[in-house]
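Okay, structure first, notes after.
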Amino acid sequence: MKRLIIAFAAILIAGFAFGQTLEKGGVVALHHYQITFAPGVTIDQYFDFMTNKLMPEMQKAFQSKIPSKILKGIGENNQHEYAILSYWESLEGFRTYWNDDGTPTEKGAAAMAKVQPLIEKLNALGTFTMVPGDWLILDKKNLQ
C-alpha cells in the first residue's frame, strides 16, 4: 500500500513538474535510490553532477523531449531518500530502449554506452542501490 501511495504521489508530481497532462499510454519511470556518498563528497556535489552533467547527457542519449527530475522523500517512510522521475510519451517509445524484463534493448545499450563515462564519474562520488519502477498510465475508462 505504501508503494502505491508513493507511486500515486509521484504521478501527481510528474504532472506538475513537467507542466503538462500525463496522457493515457504514457510511461512514468520512478527509480528509487539509496546513496552512500564517498568520503568528502557532499550531497550538493553529488546532485550538482547528476543535474548539470549526467541527466542532460542522458536526455540527449535517450532522445527524450522531457527532462527527468530528481525527487527527495519528505514523508515519514522516505525521508533522506531520493528518486528519479522520467516520463515517456508512449509505451512504444519506452520499449525502444527497454525490454519487458528491464534490460536495455540494442538501442538502449547504445544510449547507456554514451553516458557510461559519466556514470563512472558518478560512481566515484558515491555508490547507490536502485529499485526501478515503471508505470503505464491508464485512464478511468480503460484500466487494463
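Read the figures in this text as sums done on the coordinates, not as results from a lab. All values derive from a computational prediction rather than experimental measurement.
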Using each residue's phi in segment 125-136, evaluate 6.51 cos²θ - 1.76 cosθ + 1.60 at θ = phi - 60° and report the 3J(HN,Hα) Karplus result to the nearest Hz, with x for Gly and Pro. 7, x, 9, 8, 10, 10, 10, x, x, 10, 10, 7
In order over segment 23-37: 3J(HN,Hα) from phi, Karplus 6.51/-1.76/1.60, θ = phi - 60°, whole Hz, x for each Gly or Pro, gives 8, 3, x, x, 10, 9, 9, 10, 10, 8, 10, 10, 10, 10, 6
Report the gain in length on full extension from residue 113 to residue 38: 0.36 nm times residue separation, minus Cα-Cα distance, nm rounded to one decimal. 24.6 nm
The answer for residue 90, listing residues at least 5 apart or on another chain whose modeled amide H is closer than 5 Å to its amide H, is 27
With x for Gly and Pro, the residue-by-residue ³J(HN,Hα) of segment 43-49, computed from phi through the Karplus equation 6.51 cos²θ - 1.76 cosθ + 1.60 at θ = phi - 60° and given in whole Hz, is 4, 5, 5, 4, 6, 5, 4
